[in-house]
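The values are calculated or read from the model by the stated rules, or taken from the named source; none is laboratory data. Source: prediction; values computed, not measured. In this analysis, Cβ positions are derived from the backbone assuming ideal geometry, glycine residues included, and neighbour counts consider all displayed protein chains.
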Amino acid sequence: MLRSPHRTSATVLAALGLAALASPPAARAADPPLRIIVFGAHPDDCDETTGGTAALWAAKGHQVKFVAVTNGDAGHQSEGGGALAKRRRAEAQESARRLGIAEYEVLDNHDGELEPTLPVRLEIIRRIRRWNADLVIAPRPNDYHPDHRYTGVLVQDTAYMVMVPNVCPDTPPLRKNPVFMYAQDHFQRPNPFRPDVAVAIDSVYEKKILGLDAHVSQFYEWLPWIEGVLDSVPKEPAARLAWLRKEWGRPANADVRAALRKWYGPRADGVTHAEAFEVCEYGRQPGETDLRRLFPFFD
Ligand SMILES: [Zn+2]
């Protein structure tokens, strides 16, 4: 997802009133940094579900990696193939830079053709093991898009195998199973998403929007085209960013607001934007203390 012929510089961010994005993350004093790996089907999905929380982790010195399981080489009205994949890979790198996360890897599986096969499962097992993940986040396996659905299945299928030495023996197994969690979605069948944890992201909301803004080929080209609103996208960068903020600025729903109150108490009433996560019943089962350690944002 190539942003434009030039990369967004600190100067441009400063012009947008966002110079703070150029500053390095604060170091964390005590515990070792958390290691979080987030999977999405396409090179913008992790940013949508977890971009704000990722920016919060990164600002506290934690290590966050995003992985797109497909290369995004199909979802576009006028481009495709290797050129589109190359553009989307570059857009993902720019988004990672803006969010401050450690890595954004795009796997070379075709967009729109993902299947839950053993080779792809092994690719995912290797990523989780190499990252030595404390926490793994992925979509649920209920979704309108087969790539999203199968990404959910694929990651779920690693939730035990990451510890089995004879599976994928080229990469040492984890001795401690990570916590696996699902990112929020709106699908109702066979069961709706359950927000076990909700994170207030107002303080990094602009950063999240700038992460999405890096995915020009998605948010300003493909998604408006498929939704029939391409004519409404402004051409000028600042106006386009304002449009994006308006189109994607969905406030937290009632279920997520209830979860915010659980974790933040009365402070939750002042929160507008949040990201929520559901504990997967495979992988390590966290108690409240574990969740507070994995999401160190509530005190
Ligand atoms: Zn997607």
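Conditions (1) touching a residue at least 24 places away in the same chain (Cβ under 8 Å); (2) hydroxyl-bearing (Ser, Thr, Tyr), marked per residue:
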residue	(1), (2)
VAL199	yes, no
GLU227	no, no
ALA252	yes, no
LEU260	yes, no
PRO266	no, no
ALA276	yes, no
TYR282	yes, yes
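Can you tell me which residues in the range 124-153 are within 14 Å of ILE37 (Cα to Cα) and among the aliphatic types (A, V, I, L, M)? Break it down stepwise before answering.
The first filter runs over the range 124-153 and keeps only residues within 14 Å of ILE37 (Cα to Cα), leaving 124-139, 151-152.
Across the range 124-153, the qualifying residues are ILE124, ILE125, ILE128, ALA133, LEU135, VAL136, ILE137, ALA138.
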Cβ contacts < 8 Å: first residue closer than 22 Å to PHE298 by Cα, restricted to the range 184-196; second residue of a type in the set (S, T, N, Q) and at pLDDT 95 or above, any location; separation 6+ or different chain. Result? GLN184/THR49; PHE193/GLN184; PRO195/GLN184
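Looking at the range 117-135 only, could you name the residues that are polar (S, T, N, Q) and under 18 Å from TYR150 (Cβ atoms)? Can you show your working first?
Narrowing the range 117-135 to residues polar (S, T, N, Q): 117, 132.
Selection gives THR117 alone.
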Of these, LYS176, LYS207, which one is surrounded by fewer than 18 Cβ atoms within 10 Å (Cβ to Cβ) and not β-branched (Val, Ile, Thr)? LYS176
As an exercise: evaluate PRO251 against (1) more than 15 Å from GLY51 (Cβ to Cβ); (2) out of contact with any Ser or Thr (no Cβ under 6 Å at 6 or more places or on another chain); (3) at pLDDT below 95 and give the number of the one condition it does not meet. (2)
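Counting just the residues of the range 125-152 that are under 21 Å from HIS62 (Cβ atoms) and among the hydrophobic types (A, V, I, L, M, F, W, C), which one comes out surrounded by the most Cβ atoms within 10 Å (Cβ to Cβ)? Please lay out each step first, then the result.
In the first step, residues of the range 125-152 are kept if they are under 21 Å from HIS62 (Cβ atoms); the result is 127-138.
Filter once more, so that each one left must be among the hydrophobic types (A, V, I, L, M, F, W, C): 128, 131, 133, 135-138.
On the way: ILE128: 25, TRP131: 21, ALA133: 25, LEU135: 25, VAL136: 28, ILE137: 28, ALA138: 31.
Step by step, filter the range 125-152, then rank; the result is ALA138.
Per-residue answers, yes or no, for (1) surrounded by 14 or more Cβ atoms within 10 Å (Cβ to Cβ); (2) assigned to a loop (DSSP other than H, G, I, E, B); (3) of a type in the set (S, T, N, Q):
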{"residue": "SER217", "(1), (2), (3)": "yes, no, yes"}
{"residue": "GLU221", "(1), (2), (3)": "yes, no, no"}
{"residue": "PRO224", "(1), (2), (3)": "yes, no, no"}
{"residue": "ARG240", "(1), (2), (3)": "yes, no, no"}
{"residue": "ARG245", "(1), (2), (3)": "yes, no, no"}
{"residue": "ALA252", "(1), (2), (3)": "yes, yes, no"}
{"residue": "LYS262", "(1), (2), (3)": "yes, no, no"}
{"residue": "ALA268", "(1), (2), (3)": "yes, no, no"}
Condition test on ALA133, is it within 16 Å of the ligand (Cβ to nearest atom) and aliphatic (A, V, I, L, M)? no
Using the structure shown, decide if VAL155 is buried (at least 21 other Cβ atoms within 10 Å of the Cβ), part of a helix (DSSP H, G or I), at pLDDT 95 or above and more than 17 Å from the chain's Cα centre (by Cα). no
Residues of the range 226-238 satisfying the condition of being surrounded by 12 or more Cβ atoms within 10 Å (Cβ to Cβ) and farther than 19 Å from SER95 by Cβ: ILE226, VAL229, LEU230, PRO234
Evaluate the range 45-64: report whether one residue or more is under 18 Å from ALA102 (Cα atoms), at pLDDT 95 or above, part of a strand (DSSP E or B) and more than 13 Å from the ligand (Cβ to nearest atom). yes
Criterion: of a type in the set (Ser, Thr, Tyr), modelled with pLDDT of 95 or more and in contact with a His (Cβ under 6 Å, 6 or more places away or on another chain) - qualifying residue of TYR205, TYR150, TYR182, TYR144: TYR205
Where LEU34 falls short, out of the listed (1) more than 16 Å from the ligand (Cβ to nearest atom); (2) surrounded by 24 or more Cβ atoms within 10 Å (Cβ to Cβ); (3) more than 28 Å from VAL229 (Cα to Cα): (2)
